[in-house]
Amino acid sequence: MPITTPAGYRALAEPDVAGYLAGLPAIAARLGGAPERWRVREVGDGNLNLVFIVEGPDGAVCVKQALPYVRVAGEGWPMPLERAFFEHRATIAQAPRVPGLVPEMLHYDDELFLMVMERLDPHIIMRKGMIAGTFYPQFAGQIAEYMAQTLFGSSDLAMPAAAKKAQVALFCANTELCKITEDLIFTDPYMVHARNRWTSPQLDAAAAAIRADAPLKRAVSLLKLKFLTEAQALLHGDLHTGSIMVTDRDTRVIDPEFAFYGPMGFDVGKLLGNLLMSYFSQDGHERRPGERDAYRDWILATVDEVWNGFARRFVALWDGPRAGDAFPPALFEGADGAASLRLAQAAFLRALLTDALGYAGTAMIRRTLGFAHNADFETIADPDRRAGCERLNLELARELILQAPAIAGWSEVTARARELRARGPRFPG
Ligand code: SR1
Ligand code: MG
């Protein structure tokens with residue numbers, strides 16, 4: 001069945017883009033010169049959309065357009081164009097809280113489901129930088145700030161209930177993108193599904209062990225239920241190193257098309273799970289044993305620093321002036337009240353930590369056994385070497401999901417990652 005699209009929609013091709021932008025005076029002025037001189041390149045390498053970089057004599061912009069299907073799968077997997085609307089709305093909701101940590105949104109076209117944004121230069125996708133072994137000294141602090149501000153700021157701690165409920169109502173229509181996550185992360189890797197793939201035959205036994213693991217499937221199903229029901233904060237929804245552009249000084253979070261109100265631990269866990277995958281993948285990228293030792297140390301230190309920075313900032317925001325209806329200040333007055341609030345904050349962060357540990361594990365399993373893998377592992381050409389990295393990743397992921405409530409903190413996780421790598425996998429296969 002051919003896909004039908006709303007009247008007025010057409011997917012742009014490179015030759016169409018300059019003509020389209022010429023009709024937007026502010027963008028045309030930013031680019032400068034005549035449209036015939038603008039250089040347009042389609043550079044999208046993500047799973048879903050078209051992305052064009054347009055360069056003029058005076059400036060450059062990035063144009064992102066939704067296709068009516070999943071780009072990597074083709075027209076056989078239709079996907080609503082409205083994901084561009086949700087990305088636009090999430091970006092403008094977050095931007096005042098995190099100026100300088102998201103790209104500037106310059107224009108939204110509700111017929112073409114297209115955004116024009118600031119072109120980030122010389123930023124690169126962080127995942128590519130990590131595969132190359134590049135250090136990002138400012139990253140931990142900046143991403144901790146992004147997560148604390150966006151998660152706290154969109155929650156009932158910061159927003160009056162009516163305003164927060166209106167945001168929940170808006171983003172709860174992003175159902176198809178949520179469904180991708182519900183299926184690809186929480187369901188498919190734990191069953192036989194045509195969309196799954198893994199390094200085979202090396203990981204056949206490991207994949208079968210995951211499918212047969214009843215306690216693991218119960219724990220993942222609880223995480224899925226939480227994802228479906230717990231409208232804590234406006235999530236980015238796909239916060240991994242492929243959704244972050246970096247330089248050695250600057251961090252920008254892009255691509256919030258999966259945005260919806262969900263459990264805060266999902267964003268935190270997905271990000272930290274991706275850092276752990278990068279850690280395990282480094283053995284596949286170093287040219288001689290030990291070459292990436294310092295880089296591995298930096299990744300694990302970054303995992304700790306991101307969580308610690310996030311937790312500190314989150315509590316600081318909670319202690320500051322705020323308009324949220326949750327934890328009314330009138331109930332926490334005086335010295336006893338302050339002590340009581342400390343206990344409440346500690347309990348809140350402990351629950352968030354437990355969620356994040358579990359969600360990190362699910363992110364690590366889905367990228368090894370499910371539909372969409374990540375370049376950290378995929379670019380390791382030798383399948384035996386790749387499978388060795390992936391097996392360690394699966395082993396830690398399973399522990400994170402099953403043992404989350406008993407894990408004291410991320411330093412315990414990073415110590416365990418080191419230990420697994422030193423000892424070698426016990427996971428089947
Ligand atoms: C069909 S889309 C596959 C994945 O790409 C995005 O990065 C999300 O993680 C999604 O699950
Ligand atoms: Mg994306």
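The values are calculated or read from the model by the stated rules, or taken from the named source; none is laboratory data. For clarity, every value in this text was computed on a predicted model and none was experimentally measured. As a convention, Cβ positions derive from the backbone with ideal geometry for all residues, glycine included, and neighbour counts pool all protein chains shown. Accessible surface is based on the protein model in full, side chains and every heavy atom, while ligands, DNA and RNA are left aside. Shrake-Rupley method; radii C 1.70, N 1.55, O 1.52, S 1.80 Å.
For segment 324-417, take the alpha-carbon Rg, divide it by the Kirkwood Rh, and send me Rg/Rh. The Rg/Rh ratio comes out at 1.21. Surface exposure of the chain, expressed per residue as accessible area with a 1.4 Å probe, stands at 40 Å². Surface composition of segment 14-118: carbon plus sulfur atoms contribute 52% of the solvent-accessible area (1.4 Å probe, protein chains only, all chains present).
If you take the square roots of the eigenvalues of the alpha-carbon gyration tensor of segment 124-423 and sort them as a ≥ b ≥ c, do you get rounded (a/c under 1.5), prolate (a/b over b/c) or oblate? Working shown, then result.
Details: a/c = 1.81, a/b = 1.50, b/c = 1.21.
Judged from the Cα gyration tensor, segment 124-423 comes out prolate (a/c at least 1.5, a/b above b/c).
Mind ordering 316-322, 236-242, 64-70 by average Cβ neighbours within 10 Å, highest first?
Result, highest mean first: 236-242, 64-70, 316-322.
For a test of the definition: using alpha carbon positions, the gyration tensor, and the 1.5 limit on a/c, classify segment 50-205 as rounded, prolate or oblate. It comes out rounded by the Cα gyration axes. Can you tell which of PRO189, GLN167, THR199 lies farthest toward the positive end of the dipole of segment 160-226, using +1 and -1 charges on the Cβ of basic and acidic side chains (Lys, Arg; Asp, Glu)? It is GLN167, whose Cα lies furthest towards the positive end. The lysines within cross-link reach of LYS226, meaning a Cα-to-Cα straight distance under 24 Å and a gap of 8 or more places when in the same chain, are LYS164, LYS165, LYS179, LYS217, LYS270. Taking 0.36 nm per residue of separation and subtracting the Cα-Cα distance, full extension of the segment from ALA381 to SER200 would add 63.8 nm. Using a/c under 1.5 as the rounded threshold, could you call segment 14-118 rounded, prolate or oblate? The axes a ≥ b ≥ c are square roots of the C-alpha gyration tensor eigenvalues, and prolate needs a/b larger than b/c, oblate otherwise. It is oblate, given that a/c is not under 1.5 and a/b is not larger than b/c. Put the Cα centre of segment 252-306 next to the Cα centre of segment 89-137 and the gap is 18 Å.
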